[in-house]
Amino acid sequence: MKIITPLLLSGLCFAGYVTAQPVISSDVFGTAGESYIMKGVEEAGFDPGDGGAGMTWDFSSNELNGGTDVRTVIDASTSTYGADFPDANIATVVNDTSFTYYFISDAILSYYGTATPTITQIFDEPADLIDFPVTYNDAKTDDFSGFTSILGYDVTLTGTSTMTADGYGTIILPAGGATYSDVLRIRLELNILGEVSGLPITAEINSTIYYWLMNGITGPVMQFTSAETAISGFPTTPAIFIDVNSDLLADVSEVTPVFLTVYPTLADDVVTVKSENGGKVTLYSISGQKILSQEAASNHSIDISQLAAGNYLILLQTENGPASKMISVTH
């Protein structure tokens, strides 16, 4: 789980030319029911590079680190913590643990907060992050505020977000060097201050996040997050996370394709999960709730007769990595 601190924006999910500037629309965020997988990249030797026009960001020498995040876009109103975020219309669920809430339209992306089983942060004055369509040299700054609770203490949150579309060009990915053009890079700086009510304690988080975005791709092409957390009386804590979109990787020695077939995708009693060698099958509701988890052979049946009608995600974890499919229960 990549929650850097209870006060840090997490799970922000985006999806990134050489002779023309790409213009990115809100479609890169996908719609409810879509999911994608991000693979972790080794931190050592990683440099996000400079911004500018007609750039080439070459990460072909960087290695994967084995980490995996499954990210699912859901309808915020049907999610586990949706009642706390009435003005959000989508949420991104990371590994069935972290829920990040947004309002998104053709014109804007606004951030409303994050919820986990242990903490919820709510920005009732949201951070307006990006105006769409967005292209090179576009910029936006916004102040936001909200609240959370830590160990029974109320915490007031205030912050500033600064977005700059600081470069465009070509990206060469780790693990085989798959190359993509028409990529726009967005730099997002988040400065958040938490003040504990009644106590002389503050927490300050300064983070820089780069997103390489490309039209037609749900989720970021790559994402780099660097953050420092300073809490009164404690040393500053740094953290770096780097992720690449699994669907765009090329080197089968690093990422072996996982064969997965699920049928029928419209079902009312039983679905069959077929894979090459089997693995662990987990069924999630569209709100991110884990319904069941089973060890499965290469041909495995799941009884769905007792499930409520709606959309569900089937995730298969194998030695070669994960794969997922959506189903709809129709009874």
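Only lysines eight or more places from LYS39 in sequence, or on another chain, were considered; those with a Cα closer than 22 Å are LYS2, LYS280, LYS290, LYS325. The Cα center of the range 193-232 and the Cα center of the range 50-76 differ in position by 16 Å.
Dipole size of the chain about its Cα centre, with +1 on Lys/Arg Cβ and -1 on Asp/Glu Cβ: approximately 560 debye, rounded to the nearest 20. Where both bridge residues fall in the chain, DSSP classifies roughly 95% of the beta bridges as antiparallel. Values [x] 6, 25, 33, 25, 11, 1; [y] 6, 25, 32, 21, 9, 4, 3, 1, 0, 0; [z] 6, 26, 37, 25, 6, 0 are given for comparison; P(r) over Cα pairs in 10 Å bins from 0, in percent, derived from the coordinates here, is the one labelled [x].
Taking amide H positions as modeled 1.01 Å from N, with prolines and chain starts lacking one, the residues under 5 Å from ASN89 and 5 or more places away or on another chain are TYR102, PHE103, ILE104.
Close amide H pairs (under 5 Å, H built 1.01 Å from N) link GLY67 with GLY40, residues at least 5 positions away or on another chain. Amide H contacts for PHE259 (H built 1.01 Å from N in the peptide plane; partners 5 or more residues away or on another chain; cut-off under 5 Å): GLU276. Listed by chain and number, the aspartates and glutamates whose C-alpha is less than 18 Å from the C-alpha of LYS140, apart from same-chain residues fewer than 8 away, are ASP106, GLU125, ASP128, ASP131, ASP166, GLU189.
Taking packing as the residue-averaged number of other Cβ atoms within 10 angstrom, the listed peptides 262-269, 84-91 run from highest to lowest as 84-91, 262-269. The phi-based Karplus calculation (6.51 cos²θ - 1.76 cosθ + 1.60; θ = phi - 60°) puts the 3J(HN,Hα) values of the range 182-198 at 6, 9, 10, 9, 10, 9, 10, 9, 10, 10, 10, 10, x, 10, 7, 5, x Hz, whole numbers, x for Gly and Pro.
Report the relative contact order of the range 166-280, percent, no decimals, based on alpha-carbon pairs under 8 angstrom and at least 6 residues apart.
Computed value for the range 166-280: 19 percent relative contact order.
Highest average first, the peptides 211-219, 171-179 ordered by how many other beta carbon atoms sit within 10 Å of their residues are 211-219, 171-179.
Laboratory data are not the source of any read-out in this text; all were calculated from the coordinates shown. Worth saying up front: this structure is predicted, and the values here are computed from it rather than measured. Note that we place each Cβ from the backbone using ideal geometry, even for glycine, and neighbour counts take in every protein chain shown.
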